[in-house]
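Worksheet: one structure, shown below.
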């Protein structure tokens, strides 16, 4: 298995996620002081409606298609690769255009209770497919492990939104300026993805072909994650909207910052597992061993970062200003919840790659339904902490579901190995809380001591480190750095 390619792809995939979150945060940070809260709320409503409509219409195909694109790429079958890609792309594009036209007609007929301006903006974004058909192209890049194309696109799109939207808002265009930033960036995103996809399609020799069975199979695969994804999206909005409606905008903002910090730091290790989906789909055997390796490396990278956040949850918010210090509570709770994510996501990815769609749906429901229910119960009482607890407990209910499913499938969750990996940064976290050193020193000790211990105990082997290094650096760069890396390897492995 080319684990190095997966690791390299996960770096770019996590970078694309980080760039999307970063540029989104910067955009709202710059435009919010220039417009009224009513304009911000109206823009958020427009974006929410567009996201919910297109996510519902996607039927999970952008995720499901990766199983077949990864499989056909692994088999080096350009005919079937092109058939699955073009069939899904044309199908979703058609749904997006039809949905945009229907929404526009219903809105102008006053059947949809929105003002004309909002209806037009929502319709334009649906036509452009901001959360629609371009996701098929992103899935294509993920499947062939060319995730740098997704990261490049996210960078250009985010930068375009700021360059266009912020000056327009500054000139007094208000909501129009905000939405023009999104519209022009969405159009640019679609165009760039098409250009980059055309280059990769030519390289792979994929041919244009449309077949009903390809659409049918993609829908069947997508439905496995479609229902849980819609529930997750609803749960996410209920958490944010619940805080906004029941508590206040300040608490909503601090929870969002806490969530962004936690997911941003843990994006790289978690993307290693998600990228295993197209890889496993293209494998004939050795899937369990490959998934086990990915979970081991993902956990080893993630756990020290998670316990760093648990021990020092206020460190990053304090850098943003005193107003963001309440985000430390959600950070601590969310980081604790993510400790269960490698086990849950690992088996879910494995089951999905094998086509066990009912299991994937069951795991998704088990995780997201409790989140939605708990949001309504805990947010009123515990505010940001209640939203974070609700989200984190979703991982626990998912794991309770995964354990019997994995046992029945003969899949070893390696819980003992996971606990061994977890125990090292846990002990260091407890030690730092007892000794109370300066946060910078405590963070350094948790991270450095954890990773050195992992290498000494061979939890992270030399081969793993080589895969990680080749994922991050070119061979030429590694050759040039070799004399400087030898002393570091001696410290890590004592050889």
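The values are calculated or read from the model by the stated rules, or taken from the named source; none is laboratory data. All of these numbers come straight from a predicted model, not from anything done at the bench. We place every Cβ from the backbone using ideal geometry, glycine too, and count neighbours over all the protein chains shown.
Looking for something surrounded by 24 or more Cβ atoms within 10 Å (Cβ to Cβ), touching a helix residue (DSSP H, G or I) at 6+ places or on another chain (Cβ under 9 Å), more than 29 Å from residue 416 (Cβ to Cβ) and in contact (Cβ under 8 Å) with a residue 60 or more places away in the chain - is there at least one such residue anywhere in segment 371-379? Yes, some residue in segment 371-379 is surrounded by 24 or more Cβ atoms within 10 Å (Cβ to Cβ), touching a helix residue (DSSP H, G or I) at 6+ places or on another chain (Cβ under 9 Å), more than 29 Å from residue 416 (Cβ to Cβ) and in contact (Cβ under 8 Å) with a residue 60 or more places away in the chain. Kindly indicate whether any position in segment 2-16 is at negative phi and at pLDDT 70 or above. No, there is no match, as no residue in segment 2-16 is at negative phi and at pLDDT 70 or above.
Of all the residues in segment 179-199, those that are at pLDDT below 85 and crowded, with 16+ Cβ neighbours inside 10 Å number 1. Exactly one residue out of 387, 366, 406 is closer than 25 Å to residue 293 by Cα, touching a helix residue (DSSP H, G or I) at 6+ places or on another chain (Cβ under 8 Å) and not in a loop (DSSP other than H, G, I, E, B), and it is 406. Residue count for segment 211-228 satisfying the condition of being at pLDDT 75 or above and either exposed (fewer than 15 other Cβ atoms within 10 Å of the Cβ) or closer than 12 Å to residue 60 by Cβ (or both): 12. Contact map, segment 305-318: first residue farther than 16 Å from residue 254 by Cα and in the same structural domain as residue 333 (by TED's automatic domain parsing), second residue at pLDDT below 90 and in a loop (DSSP other than H, G, I, E, B), Cβ cut-off under 7 Å, separation 6 or more or different chains; pairs are 305/266; 306/266. Please verify whether segment 323-342 includes one or more residues that are surrounded by fewer than 19 Cβ atoms within 10 Å (Cβ to Cβ) and part of a loop (DSSP other than H, G, I, E, B). No, there is no match, as no residue in segment 323-342 is surrounded by fewer than 19 Cβ atoms within 10 Å (Cβ to Cβ) and part of a loop (DSSP other than H, G, I, E, B). Looking only at residues of segment 441-495 that are crowded, with 18+ Cβ neighbours inside 10 Å and outside any helix (DSSP H, G or I), we find that the one that is modelled with the highest pLDDT is 459.
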